[in-house]
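**Student:** First, the structure itself, so that you have it in front of you.
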Ligand code: AMP
Ligand code: FE
Ligand code: FE
Ligand code: ZN
């Protein structure tokens, strides 16, 4: 992960301000989004978002560019990541906010995941190439140099080759987890991922926790173990969440006074999700900032005061 001096926690504390609406989950072409980090922030601005986080999969390299873009537009920028994890046989995504980007353990784990992502993508392509005219060079052609490689890049290569029409069609067929071509991804256990983010001074939030419905929710005892490990809350506002499972999670949130976020999970042209389609309340953004000790947000300059600003002392 890159080291971004502007996010160091030792900056002088000051009266900080941010404005809603806040969208805290967006991807750039440093992972599997299609826009540059600066363009992601601009798109969010155009959709009315005023506080934004970049959460590329398993990397932080887009923070500098995204933060500069946000500040130039008078927005507040929260540095973030979407860390791959697993819970038993299930893949889980943990959003991490405002952690120290220099934290050795978290940096090393993210690097390990990225390395395995590349090897795993190569294995999937090898499997597919037995039946289709697709090679690794096709995937490289679809990804930004150094990007966190994922199935979306393989999907784009399949589209470019005319094997499928869209990313979604690829995910529903050749790239499905149930398909013979699929290969699992190395990822830390969920509890480890939560600890890594928390011990780096960040706030860990489970992304789209109800995406696989009530049947897919982990047992309450497991959730309580994660809370004991430092889990900060859940992304309950996400288009993939099932309503029945969200209801169950709301009860857990209330019982433990957790943070609730809502976000778009924007991927540019890669997904239909639009910036600002779900948002996080000012109160919850304030709680996130107050809970974190690893980094501080980048705020708009005093010369570009945001409207509807909420004062946050830290
Ligand atoms: P991977 O991490 O390589 O297993 O790929 C999963 C990623 O693909 C997730 O981060 C999703 O954002 C993305 N994804 C999943 N389904 C789709 C879809 N139907 N269309 C586009 N992207 C998707
Ligand atoms: Fe993604
Ligand atoms: Fe995700
Ligand atoms: Zn995401």
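**Student:** Which angle between 0 and 90 degrees, to the nearest 10, do you get for helix 282-291 versus the longest principal axis of the chain when only C-alpha atoms count?
**Tutor:** 90
**Student:** Who wins for biggest fluctuation among 126, 151, 167 in a Gaussian network model of the chain, springs between alpha carbons below 10 Å?
**Tutor:** Among 126, 151, 167, the largest GNM mean-square fluctuation belongs to 126.
**Student:** Let me ask something else. Whole angstrom only: what separates the Cα centroid of the range 251-301 from the Cα centroid of the range 92-125?
**Tutor:** If you average the Cα positions of each part, the centres end up 21 Å apart.
**Student:** On a 0 to 90 degree scale, rounded to 10, what angle separates helix 190-199 from the longest Cα axis of the chain?
**Tutor:** Once rounded, the angle reads 40 degrees.
**Student:** Of 98, 78, 226, which is the most mobile in a GNM of the chain whose springs link Cα atoms less than 10 angstrom apart?
**Tutor:** Of 98, 78, 226, the most mobile in the Gaussian network model is 226.
**Student:** Can you tell me the 0 to 90 degree angle between the C-alpha axis of helix 151-160 and the longest principal axis of the chain, rounded to 10?
**Tutor:** For 151-160 against the chain, the angle is about 50 degrees.
**Student:** Can you compute the helix-only [θ] at 222 nm over the chain? Use -39500 (n - 2.57) per DSSP H run of at least 4 residues, normalise by all residues, nearest 500 deg cm²/dmol.
**Tutor:** It comes out at -11000 deg cm²/dmol, rounded to the nearest 500.
**Student:** Provide the FRET efficiency to the nearest 0.05 for the residue 281-residue 122 pair, computing r from the beta carbons and using R0 = 51 Å.
**Tutor:** Efficiency, from the Cβ-Cβ distance: 0.75.
**Student:** If you don't mind, another one. Find the Cα radius of gyration of the chain, compare it with 2.2 N^0.38 Å by division, and give the number to two decimals. List each step's numbers first, then the result.
**Tutor:** On the way: Rg = 18.8 Å, N = 314, 2.2 N^0.38 = 19.6 Å.
Dividing the Cα radius of gyration by 2.2 N^0.38 Å gives 0.96.
**Student:** While we're looking at this one, here's another question. Mind listing the Cα extents of the range 70-143 along all three principal axes, in Å, largest one first?
**Tutor:** Taking the Cα atoms of the range 70-143, the three principal extents are 49, 35, 22 Å.
**Student:** Right, here's the next one. In whole percent, what relative contact order does the chain give with Cα contacts below 8 Å and a gap of six or more residues?
**Tutor:** 28
**Student:** Within the range 92-107, whose backbone N sits under 11 Å from a point 7 Å along Cα→Cβ of residue 218?
**Tutor:** Label zone hits: 92-94.
**Student:** For a quick check, take a GNM of the chain with Cα springs below 10 Å and name the residue from 137, 38, 70 with the largest mean-square fluctuation.
**Tutor:** Answer for the Gaussian network model of the chain: 137.
**Student:** Quick one: order 118, 271 by neighbouring beta-carbon count within 10 Å, fewest to most. If you can, show how the numbers build up before the last one.
**Tutor:** Values: 118 15, 271 19.
Ascending number of Cβ neighbours within 10 Å: 118, 271.
**Student:** Largest first and in whole Å, give the semi-axes of the range 142-231's equivalent ellipsoid, each being the square root of 5 times a Cα gyration tensor eigenvalue. Display every interim value, and only then the final one.
**Tutor:** Working: eigenvalues 204, 62, 22 Å².
In descending order the semi-axes read 32, 18, 10 Å.
Rule-based calculations on the coordinates, nothing more; no lab input. Everything numeric here is computed off the predicted structure, so don't read it as measured data. Using ideal geometry, Cβ is built from the backbone for each residue, glycine included, and neighbour counts are taken over all protein chains shown.
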